[in-house]
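The values are calculated or read from the model by the stated rules, or taken from the named source; none is laboratory data. This structure is a prediction, so every number in the text was calculated from the model and none was measured. Ideal geometry is used to build each Cβ from the backbone, glycine not excepted, and the neighbour counts take in all protein chains shown. Side chains included, ligands, DNA and RNA excluded: accessible areas come from the protein's heavy atoms. Shrake-Rupley method; radii C 1.70, N 1.55, O 1.52, S 1.80 Å.
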Amino acid sequence: MTFNPLVEKGIPLDRQLRNWRELDVEPLDPDAVDPYTRCRVIVMNGIEIESIMFSHHMARTCPDPEVKRQLAYTRYIEAQQQKVVNWLLPPIASTLETTIAYEQVAVDLTAWIARMEPDPYLKQAYEFGVLEDFDHLYRYANLFEMIERRKARKVVDDLTEVMPGRPTTVHHRHPYDNVRDPYDRNTVDPLSKLHALTVMSAEQQTMNFYMNVGPQYMEPIARQLYVEIGMIEQEHVTHYESLVDPGETWWERLVNHEYNEVYLYHSFMTQEPDPKVKAIWELHLNMELAQLQAACDLMRRFDGREPEEVLAPQLPVPVTFEPNKEYLRHLLGTQIDLTTLGAGYVREAHERFERLQEQIHGDEKPASERVIDMHRERFGGEYRIETEGPHPVESLRRPEDGDR
Ligand SMILES: [Fe+2]
Ligand SMILES: [Fe+2]
Ligand SMILES: [Fe+2]
Ligand SMILES: [Fe+2]
């Protein structure tokens, strides 16, 4: 059965407002949460935050008071949706536990999208980025055991492996080299636009999270690691947002945002095992459908175009959280030594890269290296989850390989 979001009606906008009782959701059980349910919650929070911030930016450039009021109304609904979604997160989870879940999202969401992306240049951008968040997961997992004496396996389960990716120390590139070429809005597959928006929103939320939670720590190594990886998440937002064609009109962008919300709530509704969470995905899907219709009306009125010209005629295959271990191992084996030069990718460290590396590191080891050294000193080894055998890159194997 095909689902065409442009013909489904959903819940009328004037019936979408919820009272305090309806906003007061029961959170996920911290002891029994399905890691991928938590991943879906994190993605949808990132998507709702992007929809709010996008709407604010659009309103700031909008001279028409009637449209401004309409944007304000929908944005209020989006803000309620964001509260409901993010308040599902299991309470009493530590910041580091949530951080590890954020990196798990970055790994398994980006890997899945890379696998599905039809455009080779865009696919390369996701394959490049995913190996970096994969490495962040490993660094934070080691910090987690050191600071909280807990294991990342409790958070990610055996769904996502934890081992070195492209080393965090080389993610610090010259900002010029983080700007990619955009897709062409007229010729690109509509699915590619949704992919770019989704990954950009997830990275943006991670950037915001680290910049706010980093200073909560007392331990110098934790404070320093959040500074270092926080800087990289900003690079990642630059990397992914530059894929989007800047020639899209505001109306077109609004329609793409609402369509993407429909796509993701629909995707997650079809795979959610937790019935209470599934009901929220379904409710929000029905809200987004009407929000999409309203955005389409604005596009027809102000852009003089039919939304069908820019949107996929039916929803693409659902975005799915599932293990991507084999694919990631393949990328580790083939792309770990890549860096960027201008809008492209190279294997050699070039001059601009080397200069920035010298400036930012001086002759000190960054926190991402020291956290592993400290873990080795205190625990006699490093923390990894290698469920599929030793690391695919020989130089990154440990003498004692296998999971502890
Ligand atoms: Fe929304
Ligand atoms: Fe990351
Ligand atoms: Fe990232
Ligand atoms: Fe929306």
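If you run the Gaussian network model on the chain, springs between alpha carbon atoms under 10 Å, then out of Asn178, Asn256, Asn212 the most flexible one is Asn212.
Spin-label model, Asp158 to Ala59: label points 7 Å out along the Cα-to-beta-carbon direction sit 4.9 nm apart. Shown here for segment 278-350: GluC sites (Glu not before Pro) in loop regions (DSSP other than H, G, I, E, B) with at most 13 other Cβ atoms within 10 Å, namely Glu348.
Annotation: peptides 259-271, 215-227, 134-146, ranked by per-residue average of other Cβ atoms within 10 Å with the highest first, follow the order 134-146, 259-271, 215-227.
Note on segment 213-324: along the principal axes its Cα atoms extend 55, 40, 27 Å, ordered by decreasing extent.
Averaging the sequence gap over all C-alpha pairs within less than 8 Å and six or more residues apart, then dividing by the number of residues, gives the chain a relative contact order of 24 percent. Between segment 227-293 and segment 324-356, the alpha-carbon centres lie 27 Å apart. Please report how far the C-alpha centroid of segment 101-180 lies from that of segment 295-321, rounded to the nearest whole angstrom. That distance is 31 Å. Rounded to the nearest 10 degrees, what's the angle between the helix 250-271 long axis and the longest principal axis of the chain, both from Cα atoms, 0 to 90? Taking the Cα atoms of the chain, the angle to 250-271 is about 70 degrees. A 1.4 Å probe run over the chain, with the rest of the protein chains in place, finds 42 Å² accessible per residue.
Label-to-label distance for Asn186 and Leu356 is 3.2 nm, based on points extended 7 Å past Cα in the beta-carbon direction. Available extension along the chain between Asp24 and Tyr76 is 17.1 nm, counting 0.36 nm per residue and deducting the alpha carbon span. Under the convention that each Lys and Arg Cβ holds +1 and each Asp and Glu Cβ holds -1, the size of the dipole of the chain around its Cα centre is about 720 debye. Take the Cα radius of gyration of segment 145-290 and divide it by 2.2 N^0.38 Å, N being the number of residues; the result is 1.27. Equivalent-ellipsoid semi-axes for segment 105-181 (Cα gyration tensor, √(5λ), whole Å, largest first): 26, 17, 7. Glu388 to Arg300: FRET efficiency via 1/(1 + (r/R0)^6), r the Cβ-Cβ distance, R0 56 Å, to the nearest 0.05? After rounding, the FRET efficiency stands at 0.65. Using a simple spin-label model with pseudo-atoms 7 Å out from Cα toward Cβ, Thr98 and Tyr121 lie 3.8 nm apart. The ellipsoid equivalent to the alpha-carbon distribution of segment 43-163 has semi-axes of 33, 21, 11 angstrom, derived from the gyration tensor eigenvalues as √(5λ) and listed largest first.
Which whole-number percent gives the relative contact order of segment 183-252, counting Cα pairs below 8 Å spaced six or more residues apart? Can you show the working numbers first?
On the way: 45 pairs, mean separation 32.9, N = 70.
Once normalised by length, the contact order is 47 percent.
The string of couplings for segment 382-399 from the Karplus curve (6.51, -1.76, 1.60, θ = phi - 60°) is 10, 8, 9, 10, 10, 7, 10, x, x, 3, x, 9, 4, 5, 9, 7, 9, x Hz, one whole number per residue in order, with x for Gly and Pro.
In terms of packing, defined here as the mean over residues of other Cβ atoms within 10 angstrom, the peptides 91-100, 375-384, 39-48, 15-24 line up highest first as 39-48, 91-100, 375-384, 15-24.
Volume per residue of the convex hull around the Cα atoms, evaluated for the chain, comes out as 148 Å³.
If R₀ is 60 angstrom, what is the calculated FRET efficiency for the pair Arg15 and Tyr327, using the beta carbon separation as r and rounding to 0.05?
0.90
Using Cα pairs under 8 angstrom and six or more residues apart, how large is the relative contact order of segment 237-329, in percent?
Across segment 237-329, relative contact order equals 36 percent.
Helix 190-213 axis versus longest C-alpha principal axis of the chain: approximately 60°, rounded to the nearest ten.
Note the angle between two axes, namely the Cα long axis of helix 275-303 and the longest principal axis of the Cα atoms of the chain, as a number of degrees from 0 to 90, rounded to the nearest 10. Approximately 60 degrees, to the nearest ten. Exceedance of the 21 Å cut-off in Cα-Cα distance is limited, within the set Lys68/Lys193; Lys83/Lys278; Lys154/Lys325; Lys9/Lys193, to Lys68/Lys193; Lys9/Lys193.
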